[in-house]
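Okay, structure first, notes after.
The values are calculated or read from the model by the stated rules, or taken from the named source; none is laboratory data. Quick caveat, the model's predicted, so the values are computed rather than measured. Cβ: placed from backbone, ideal geometry, glycine included. Neighbour counts: every protein chain shown.
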Amino acid sequence: MLTMKNKKKFISPSGALLAILCFFMPWIKISCMGEAQYFSGAQLASEHGQHIFWALLACAATILVVFVVCKYRKRLDIARPIVMLCAATGILILLFRYFDSSKEIKTDMGVIRMQDLGITVEFGIVGTFIGFVLALAGTFFLTRDTDNAKTQSIIPVATAPTDPDNTSVSFFTEIFSTRRV
């Protein structure tokens, strides 16, 4: 049964899933002469040369994959720095592109802003940003599972075989404890 403490561990992957879903929703709307065209993050990345947006999708997918692997291994503490890095990268890319595109363009005729061109921000980009913020906030709840006494390492470790009645010493102990004269 999931307790409140265990439910909080799913904030990061939920945020990543929100970021992935919103990546394919409308990000911007361009209006011109009564016509409106909507563009998603995927369309901006593939059709309009904004290839940096593919990094957002990669960051969100990485958060999900790392969470699933580390949750399976019962080592969510290892996922924390990776999730933090991916979420912070996603937030920084979005902020950089927003402030870069919202700069005013100075011409001989005056100053042109995004709103003057009929470009508005839509809910998809806001949802992607909120998803990465949730993923970053959820890292504070990614701790090692201590419910089970036996936890697995993230890297599988081979153990030496022992005899069934446990009378012999393990292979590694035997090698390292033997004194050579």
Quick check on my filter: what residues within the stretch 88-105 are surrounded by fewer than 16 Cβ atoms within 10 Å (Cβ to Cβ) and among the β-branched types (Val, Ile, Thr)?
Ile105
All but one of (1) of a type outside the set (Lys, Arg); (2) crowded, with 17+ Cβ neighbours inside 10 Å; (3) not in a helix (DSSP H, G or I) hold for Ser12; which doesn't?
(3)
Does Tyr38 count as within 23 Å of Leu117 (Cα to Cα), in a helix (DSSP H, G or I) and either modelled with pLDDT under 90 or touching a strand residue (DSSP E or B) at 6+ places or on another chain (Cβ under 6 Å) (or both)?
no
Would you confirm, using the coordinates I've provided, whether Leu85 is over 13 Å from Gly138 (Cβ atoms), within 10 Å of the chain's Cα centre (by Cα) and buried (at least 20 other Cβ atoms within 10 Å of the Cβ)?
no
Checked pairs for the stretch 106-117, first free of Cβ contacts under 8 Å to residues at least 24 places away in the same chain and surrounded by 10 or more Cβ atoms within 10 Å (Cβ to Cβ), second assigned to a strand (DSSP E or B) and of a type in the set (Val, Ile, Thr), C-beta under 7 Å and 6 or more apart or across chains, list as Ile112/Ile105
Could we say that Ile78 is at pLDDT below 90 and more than 15 Å from Phe24 (Cα to Cα) here?
yes
When the stretch 21-41 is examined, which residues are found to be among the aromatic types (Phe, Trp, Tyr), crowded, with 18+ Cβ neighbours inside 10 Å and closer than 24 Å to Phe67 by Cα?
Phe23
Among the residues of the stretch 43-76, write down those that are within 19 Å of Cys22 (Cβ to Cβ), in a helix (DSSP H, G or I) and more than 15 Å from the chain's Cα centre (by Cα).
Gln43, Leu44, Ala45, Ser46, Glu47
From the list Leu18, Leu44, Leu2, Leu56, which one is out of contact with any helix residue (DSSP H, G or I) (no Cβ under 6 Å at 6 or more places or on another chain) and either modelled with pLDDT of 85 or more or loosely packed, with under 14 Cβ neighbours inside 10 Å (or both)?
Leu2
